[in-house]
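Heads up: the structure comes next, in structure tokens.
The values are calculated or read from the model by the stated rules, or taken from the named source; none is laboratory data. Bear in mind that the values here come from a model prediction, so they are computed numbers and not experimental data. So basically every Cβ, Gly included, is an ideal-geometry build from the backbone, and we count neighbours across all protein chains shown. All accessible areas refer to the heavy atoms of the entire protein, side chains included, with ligands and DNA or RNA removed. Shrake-Rupley method; radii C 1.70, N 1.55, O 1.52, S 1.80 Å.
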2 protein chains.
Amino acid sequence: MTEPDALEPRELHAWIGFLAAAHLLEHEIERQLKRDGDLSHPEFEVLVKLAMAEDRRLRMSDLARQVMVSKSRLTYQVTQLERDGLVRRTACGNDRRAVWAELTDAGADALTKVRPGHRKVVRENLIDVLTPAELETLGTAFARVAARLHNRPARPAASD
Amino acid sequence: MTEPDALEPRELHAWIGFLAAAHLLEHEIERQLKRDGDLSHPEFEVLVKLAMAEDRRLRMSDLARQVMVSKSRLTYQVTQLERDGLVRRTACGNDRRAVWAELTDAGADALTKVRPGHRKVVRENLIDVLTPAELETLGTAFARVAARLHNRPARPAASD
DNA sequence: GAGAAGTAGTTCAAATCTGAACGACCGACG
DNA sequence: CGTCGGTCGTTCAGATTTGAACTACTTCTC
């Protein structure tokens, strides 16, 4: 009498585990970032992407794409970060519509301050809890999952 | 010149993949639930937990724990669901502090309506993208990760 | 059984997030 | 040139979330 399309135990187990892990990990990360540097996770991700970028700056659109956040949300985040002096907005020469979001020295410092703790959280609660084989599997599997979702953000459905 | 505690490529790959998959999957689920039944993901999870519970009801605290959501957030969610007639609040006999959140028939119907689509999203974007072996690995690995985080929500650090 | 300590749920203000609408600009094409 | 479709980033109102009180009740302790 169970519904026909319900997930099977194996599948359900994996799905539940994924949800729980994502929830709890997110919570733990949020806690650490707040504690060590008074940053939210989205703010942290913004700083990380900027730190990795050429000249420590990115256009708002590109930044939004990389952090996987809506435009309006990024506008808000960057405004907050700018208020705290961690990021600076700059006009973008060629394209007068665009805006650079640029990491300031203070921003780089903030990153330096929280990053060790962040890595510790990721290590202790994910990386080190997995065997190397599991880690490998997880990497390839999720790359595939992400790729699929990335190419299919919204589409009328095409049989492939 | 890379920092000493940075994640290694393998580790980073797994971590990035996890983050991306979580982000994108969440986004896709949100979209489907909104489209098919005008529900948010948290609302959906509340309904699911209630549907699974004995007598289709749970005390607010237990519900909050199961959905992994703060008390105040649950209060808000349940208020919304109650406004839409999907959930009903009832006094809890023995313990006069407690409140039952109970799934209504309308709530059960709403669940019936969105669930197939929800399962489709989970299948198409996660389950079916993985090999059975990967699924298995993912299940055991995340169960371990979740268990660890669950037992260690905040603690002064004890060497184990 | 009185009081201390803990638990259940809510409330409130402030912070954050969403999504549609907007103004400004770019690029192509006639 | 002009102007049309698309992009860039912001704005705004409304929805949701957070976290610290707060009230009411229960349980433990002596």
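If A:V69 passes every condition in (1) within 11 Å of chain B (Cβ to nearest Cβ); (2) within 13 Å of DNA strand D (Cβ to nearest atom); (3) part of a helix (DSSP H, G or I) but one, which one does it miss?
Status for A:V69: all satisfied but (3).
What number of residues within the stretch A:93-129 are facing chain B (nearest Cβ under 8 Å) and open to solvent by less than 20 Å² (accessible area, probe 1.4 Å)?
Of the residues in the stretch A:93-129, 4 are facing chain B (nearest Cβ under 8 Å) and open to solvent by less than 20 Å² (accessible area, probe 1.4 Å).
Kindly establish whether B:R57 is more than 9 Å from chain A (Cβ to nearest Cβ), basic (K, R) and open to solvent by 20 Å² or more (accessible area, probe 1.4 Å). Let's see the steps before the verdict.
Details: more than 9 Å from chain A (Cβ to nearest Cβ): yes; basic (K, R): yes; open to solvent by 20 Å² or more (accessible area, probe 1.4 Å): yes.
Against the criterion (more than 9 Å from chain A (Cβ to nearest Cβ), basic (K, R) and open to solvent by 20 Å² or more (accessible area, probe 1.4 Å)), B:R57 qualifies.
Just the residues that are more than 10 Å from chain B (Cβ to nearest Cβ), in a loop (DSSP other than H, G, I, E, B) and open to solvent by 60 Å² or more (accessible area, probe 1.4 Å), please, taken from the stretch A:1-44.
Once the filter is applied, which keeps residues that are more than 10 Å from chain B (Cβ to nearest Cβ), in a loop (DSSP other than H, G, I, E, B) and open to solvent by 60 Å² or more (accessible area, probe 1.4 Å), the stretch A:1-44 yields A:M1, A:T2, A:D38.
The conditions are (1) of a type outside the set (D, E, K, R); (2) open to solvent by less than 20 Å² (accessible area, probe 1.4 Å); (3) farther than 30 Å from A:L130 by Cβ; (4) within 14 Å of another protein chain (Cβ to nearest Cβ), and B:L138 fails exactly one of them. Which is it?
All conditions pass for B:L138, except number (3).
Can you find a residue in the stretch B:101-116 that is in contact with a Ser or Thr (Cβ under 7 Å, 6 or more places away or on another chain) and either away from DNA strand C (no atom under 15 Å from the Cβ) or over 29 Å from B:E28 (Cβ atoms) (or both)?
Going residue by residue through the stretch B:101-116, those that are in contact with a Ser or Thr (Cβ under 7 Å, 6 or more places away or on another chain) are B:102.
Within this subset, residues satisfying the condition of being either away from DNA strand C (no atom under 15 Å from the Cβ) or over 29 Å from B:E28 (Cβ atoms) (or both) are B:102.
Yes, some residue in the stretch B:101-116 is in contact with a Ser or Thr (Cβ under 7 Å, 6 or more places away or on another chain) and either away from DNA strand C (no atom under 15 Å from the Cβ) or over 29 Å from B:E28 (Cβ atoms) (or both).
Can you find even one residue in the stretch B:85-92 that is modelled with pLDDT of 95 or more, open to solvent by 20 Å² or more (accessible area, probe 1.4 Å), farther than 14 Å from B:E43 by Cα and of a type in the set (S, T, N, Q)?
yes
Take A:A51 and tell me if it is touching a Gly at 6+ places or on another chain (Cβ under 7 Å), more than 8 Å from every other protein chain (Cβ to nearest Cβ) and touching a residue at least 24 places away in the same chain (Cβ under 8 Å). Break it down stepwise before answering.
Numbers: touching a Gly at 6+ places or on another chain (Cβ under 7 Å): no; more than 8 Å from every other protein chain (Cβ to nearest Cβ): yes; touching a residue at least 24 places away in the same chain (Cβ under 8 Å): yes.
No: the conditions fail for A:A51.
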